[in-house]
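The values are calculated or read from the model by the stated rules, or taken from the named source; none is laboratory data. Keep in mind that this is a model prediction, so the values were computed, not measured. Reconstructed Cβ throughout: ideal geometry from the backbone, glycine too, with neighbour counts over all protein chains shown. Accessible surface is based on the protein model in full, side chains and every heavy atom, while ligands, DNA and RNA are left aside. Shrake-Rupley method; radii C 1.70, N 1.55, O 1.52, S 1.80 Å.
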Amino acid sequence: MQQPPVAHVEWSSRLAFILAASGSAVGLGNIWKFPYMAGENGGGAFVLVYLLCVLAVGVPIMIAEILIGRRARLNPMDAMGTLAAQHGRSGVWRWVGLAGVIAGVLIMSYYSVITGWTVAYIGKSVSGAFNGISGPQAQAVFEDFISDPLDLLLWHTLVLAVVLGIAARGVAGGIERAVQWLMPGLLVLLVALVCYGAATGGMGAAARFLFTPDFAALDGQTVLAAMGQAFFSLSLGMGAIMMYGSYLPRQAPIGRSALIIAALDSGVAIVAGLAIFPIVFGNGMAPGEGPGLVFVTLPVGFGQLPAGGLFAGLFFLLLLFAALTSAVSLIEPGLAYLTERTGRSRGQAVAIMGSAIWLLGIGTVLSFNVWSTPWLAGRTFFDAVDYLTSNLMLPLGGLAVALFAGWALPRLATDDELQLDTPRLRRYWRLLCRWVAPAAVVLVFLHAIGLLG
Ligand code: PHE
């Protein structure tokens, strides 16, 4: 008997969609990357520009993705292809969807490795490895940890197995069930950590740092960095949100849902900052620590505080929850593509995607130890994959989606999908999607390939 196409599945409710999509958005990007980017880029000014980008670029592209997905109810490649054919547009649009599927595999290959670090750090924290530790000692623990390829490979394998296990159970039984537990758990952990941060002092300094814009710190670089971050953090440009939109029931308003998801995503990023910077400032450490902020600075900070090991463990658990709900969305377009296009079962699709991701992940594992020599244009394998996806594929994918929804689809079709939203929202969306978002993304892209310095 023929299996029903996966995309005909629906979320059990609009809330389930919002949990899943905000689970996709909230990830390593918010809790690990956002604080260190804000720290490196001067704090308040970066945060302000980031929020503007979320509203002016992120939200319109998110609406476009959900709209395309729900209208076609197919994987990203066939969604774009089918809608293009329906409206007499070029078949070339479908390659945008395929590029997204590939970007998902590439991102997942390192996402799984980094998520593995957070699992390892839960164990280290709880076992008291960070009690009273100094900065150089924490640095040494981190370097020691990433220098062992077998250890990293083990964590990568474990995380990938869990993610594939969730994905194999399908949209309703796997993803929906997982986000129902993980998202509320994440919120509780986050609130607990903020209270802890407040209780240990330094919250005032953290809030001042995040909310006082120093416009002198604002240059072209900062603006572009903030926009790139908005993009990655909202899971846009590779079809994850499009895929989730394809499971959205007809009677759910798209625009309002996107606004809620974006608000949750930015909210978690800011609250994560409010949880992290008190520890940084409370211990007289520098905010511009870079990517090591979470894995080096935080253990030092927590290690000085009462019950710090437990709270550090909770912090990395939070990071793990956030990463898992993003990871399932990274592979969903690929799974749907394989099942719908090639008629494979979901189990077979999981096996194929899993093998490809696992193998590619080895490249990232080795990038931190035996293969750390720059290999492609001065980059390690990990850096190259990150650059290719975040700086090239996502902005280009997002641009294409905005152009497709804003120009290739007739207004009648988009208005029909957005009919549950207010006329004003529809008007704003159209303006932003046709003009503002594409122009802004072009700037990011030119920056990414180095034309804007
Ligand atoms: N938004 C996720 C994060 O912030 C990453 C992600 C990107 C997930 C693209 C899906 C698609 O970590």
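Summing Lys, Arg as +1 and Asp, Glu as -1, what charge do residues with Cβ under 15 Å from the Cβ of residue 280 carry, residue 280 excluded? Don't jump to the answer; show the numbers that get you there.
On the way: positive: 208; negative: 40, 289.
Computed value for this residue: -1.
So what does log10 I(q)/I(0) come out to for the range 372-425 at q = 0.12, 0.13, 0.29 Å⁻¹, using the Debye formula with one equal point on every Cα and no solvent?
Log10 of I(q)/I(0), two decimals: -0.49, -0.53, -1.02.
Treating the beta-carbon of each Lys and Arg as +1 and of each Asp and Glu as -1, no other charges, what is the dipole magnitude of the range 283-430 about its Cα centre, to the nearest 20 debye? Display every interim value, and only then the final one.
Details: 9 positive and 9 negative charges, 57 e Å.
Charge dipole, the range 283-430, about its Cα centre: 280 debye, nearest 20.
Over the range 326-453, what is the relative contact order in whole percent, taking alpha-carbon pairs under 8 Å and six or more residues apart? Working shown, then result.
Working: 62 pairs, mean separation 25.0, N = 128.
Relative contact order for the range 326-453 comes out at 20 percent.
On a 1.4 Å probe surface of the protein chains, which of 435, 155 comes out largest in accessible area, and what is the full order?
Working: 435 150, 155 65 Å².
From most accessible down to least: 435, 155.
Taking the highest mean first, how do the peptides 360-368, 279-287 order by number of other beta carbon atoms within 10 angstrom per residue? Don't skip to the answer; put the middle values down first.
Working: 360-368: 21.8, 279-287: 19.1.
Peptide ranking by packing, descending: 360-368, 279-287.
About the Cα centre of the range 1-96, what is the dipole size in debye to 20, counting +1 per Lys and Arg Cβ and -1 per Asp and Glu Cβ, all else neutral?
Numbers: 7 positive and 4 negative charges, 52 e Å.
Value, rounded to 20: 240 debye.
Given a 1.4 Å probe, how much area per residue of the range 14-448 is accessible, in Å²? Before the final figure, lay out the partial values.
Values: 15290 Å² over 435 residues.
Ligands and nucleic acids excluded, the result is 35 Å² per residue.
With +1 on the Cβ of every Lys and Arg and -1 on the Cβ of every Asp and Glu, and nothing else charged, how large is the dipole of the range 14-448 about its Cα centre, in debye rounded to the nearest 20? Don't skip to the answer; put the middle values down first.
Working: 23 positive and 20 negative charges, 300 e Å.
Once rounded to the nearest 20, the dipole reads 1440 debye.
May I ask for the net charge around residue 95, where only other residues with Cβ less than 15 Å from the Cβ of residue 95 are counted and Lys, Arg are +1 while Asp, Glu are -1?
On the way: positive: 89, 94, 341; negative: 78.
Its environment carries a net charge of +2.
On the principal axes of its Cα set, how long, how wide and how thick is the chain? Give whole Å, largest value first.
Result, largest extent first: 65, 50, 44 Å.
On the protein heavy atoms, probe 1.4 angstrom, tell me the percent of accessible surface of the chain carried by carbon and sulfur. Before the final figure, lay out each step's value.
On the way: 11220 of 16770 Å².
Ligands and nucleic acids excluded, carbon and sulfur give 67 percent.
Under the Kirkwood approximation applied to all pairs of distinct alpha-carbon atoms, what is the hydrodynamic radius of the range 1-126 in Å?
Details: mean 1/r = 0.0564 Å⁻¹.
About 17.7 Å, per the Kirkwood formula over Cα pairs.
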